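Heads up, the thing below is written out as structure tokens.
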Amino acid sequence: MSGLPNIPHPSNEPVLSYAPGSPERAALKASLSAVGAQQIDVPAVVAGREVRTGDTHDIVSPHCHQRVLARVHQADAATITSATKAAIEAQRDWGHWRFEDRAAVFLKAADLLATVHRQLLNAATMLGQSKTAFQAEIDSACELIDFLRFNVHFAERIYREQPESSAGMWNRMDHRPLEGFVYAITPFNFTAIGGNLPTAPALMGNAVIWKPSATATLSNWHFFRLLQEAGLPPGVINFLPGDSIEISNTLLADRHLAGIHFTGSTPVFQSLWRTVGENLPKYAGYPRIVGETGGKDFIVAHASADAEALAVAMVRGAYEYQGQKCSAASRAYVPDTLWPEVRDRAIAMVGDIRMGDVADFRNFMGAVIDRRAFERIRGYLDRARNDAGVRILAGGGADDSVGWFVEPTLLEVDDPAYRTMCEEIFGPVMTVHVYPAGRWSETLALVDRTGPYALTGAVFAQDRAAVAEADRALRYAAGNYYVNDKPTGAVVGQQPFGGGRASGTNDKAGSVLNLLRWVSPRAIKETFAPPKDYRYPFMGEA
Ligand code: NAD
């Protein structure tokens, strides 16, 4: 075709309600029954070929850990090595596809996800990662659809970014994909991030090796199949479940490593970066390193804050998805003048929260992701029970007999440097420090300097001068900053997401800033009438 096609303008995918009687509720319930009744076999896929090594890892439901949902074949050494060759081979063709052809694959994937496969992905996310219907809908449906559609729109902006040309010449920018393959390493907690990290570089013409998180492989596998159905050619994204250290050791030592697209914990990201540094002389270029990592996200309230809004933000921000959002509120600073009302409201709401099997839609919370997470969180609760200056105001219990359940827990601490105020717990634990209302400025400084992270944070105040002071004092304390709102729930295209300091490279997933990391521009100058004489006019005799 000849023409300059207009890319469809994206808008955010509407969040369905799943209210009783709605068609989406009936469809989701049917998918839950179907996905829960099966035990599927998940292979690695390299160059479009399914590889079953026979060395399998079970995927279970966190809220019912005896139920095996899938058996995942772990990639072996030969499969890992073949994935790098497959990616490089595939990119030779894919990297030259027209943008509209690449874009069409991902736009079709978005449509398949919005329609025929929506409830399959939601059910797999609910059962495999223990999300409620609403938490799955905003993740595996809406956010992932938004990533796919908005990225196409942002990519178009990059391609339209072209230089000026003087008379007699034409200057152009060729926004090339990187030379080599991109390694996408994805976390358990968002199916949308699982889908975005491999597809964003692929959209820009790169070939990718995707290592899904062991505990999210069920939903991630269904999304990979959806991409194949949408027309993604073999080898452009290679699906490689397996031992993360073995896979990383091979891929990070490869001369053709062109980039890492990571989301997960800070220590893992730092170890990847360190290895890349050590391997630098081996590489053909300088690998792009993009990582969004941990957080210790705050809510700080001024004495003028609305106590009711604050308490709701604390409860939703801290306990939705069992506190396993990188953006989850986990430390709060509340003035003594407001605390009695906020505390009583928060305790009442926590007492009202139902936790259990996510297929029972009355539950607000499911289980934490696996035994390791359960033990880690329980360790914090055990210490809190015995440490001086710590009061457990709500929750504090944990029970792993059926699933890995941890109660929504509210702690109050005297010491603002107590470990649960500083360390990422990644569970349903909110710690509050009550400060004298007159010490607002000092408290802002405390919020800013507590812990190494800077991912999300929220200020609650009705006094405009207090809002302005916080805005300035906390400018570098969060990459996503909220005023009178909870610090979770970023929407693609509206609040581009990412943090600074130890929380990552802040390349803002689902934005033009992220996509720019996956291109290596070539500037082209074409001269229409090249000079025919080497001498310049000033050299003539007077
Ligand atoms: P994780 O670091 O344990 O795992 C992330 C990925 O890295 C997984 O695929 C895992 O298999 C892999 N991995 C683990 N060890 C590795 C190693 N040594 N080498 C290479 N890969 C390795 O994180 P998680 O538990 O899946 O996710 C939770 C973490 O992710 C939290 O710290 C959370 O804050 C963070 N997170 C951040 C964002 C963000 O946007 N900033 C979003 C989601 C999650």
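The values are calculated or read from the model by the stated rules, or taken from the named source; none is laboratory data. On a predicted model such as this, the values are computed, not experimentally measured, just so you know. We place every Cβ from the backbone using ideal geometry, glycine too, and count neighbours over all the protein chains shown.
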Any pair with Cβ under 7 angstrom, 6 or more apart, that starts in the stretch 378-397 at a residue that is over 18 Å from A417 (Cα atoms) and ends at one that is surrounded by 12 or more Cβ atoms within 10 Å (Cβ to Cβ) and among the charged types (D, E, K, R): L393/R343; L393/E412; G395/E407; G396/E407; G397/E407
Test: residue in the stretch 127-134 that is within 16 Å of the ligand (Cβ to nearest atom), assigned to a helix (DSSP H, G or I), in the same structural domain as P287 (by TED's automatic domain parsing) and more than 13 Å from the chain's Cα centre (by Cα): yes
Condition check for W170: closer than 30 Å to I80 by Cβ and modelled with pLDDT of 95 or more: no
Selection status of A328, buried (at least 16 other Cβ atoms within 10 Å of the Cβ) and either within 16 Å of the ligand (Cβ to nearest atom) or more than 18 Å from T456 (Cα to Cα) (or both): yes
Helices (runs of 4 or more DSSP H) contained in the stretch 434-519 and holding at least 1 residues under 28 Å from V152 (Cβ atoms): 512-516
Elements of type helices (runs of 4 or more DSSP H) in the stretch 234-324, at least 3 residues being more than 13 Å from the ligand (Cβ to nearest atom) and of a type outside the set (V, I, T): 266-279, 307-319
Filter result for V68 (assigned to a strand (DSSP E or B) and buried (at least 16 other Cβ atoms within 10 Å of the Cβ)): no
Residue match in the stretch 165-182 (condition: closer than 21 Å to S11 by Cβ and buried (at least 21 other Cβ atoms within 10 Å of the Cβ)): no
Qualifying residue in the stretch 512-528 (condition: crowded, with 17+ Cβ neighbours inside 10 Å, farther than 30 Å from D306 by Cβ, in the same structural domain as F269 (by TED's automatic domain parsing) and within 13 Å of the ligand (Cβ to nearest atom)): yes
Enumeration of residues in the stretch 177-198 that are closer than 24 Å to H256 by Cβ, within 16 Å of the ligand (Cβ to nearest atom) and either part of a strand (DSSP E or B) or among the β-branched types (V, I, T) (or both): F181, V182, Y183, A184, I185, T186
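Kindly indicate whether any position in the stretch 168-190 is in contact (Cβ under 8 Å) with a residue 24 or more places away in the chain, closer than 29 Å to I247 by Cα and among the acidic types (D, E).
Initial filter on the stretch 168-190 (in contact (Cβ under 8 Å) with a residue 24 or more places away in the chain): 168-190.
Cutting the leftovers down to closer than 29 Å to I247 by Cα gives us 176-190.
When the remaining residues are screened for being among the acidic types (D, E), the result is 179.
Yes - at least one qualifying residue is present in the stretch 168-190.
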Single residue of A509, A477 found to be buried (at least 24 other Cβ atoms within 10 Å of the Cβ), within 16 Å of the ligand (Cβ to nearest atom), assigned by TED's automatic domain parsing to the domain that holds S304 and at negative phi: A477
Verdict on K486 being farther than 23 Å from Q324 by Cα and over 16 Å from the mean Cα position of the chain (by Cα): no
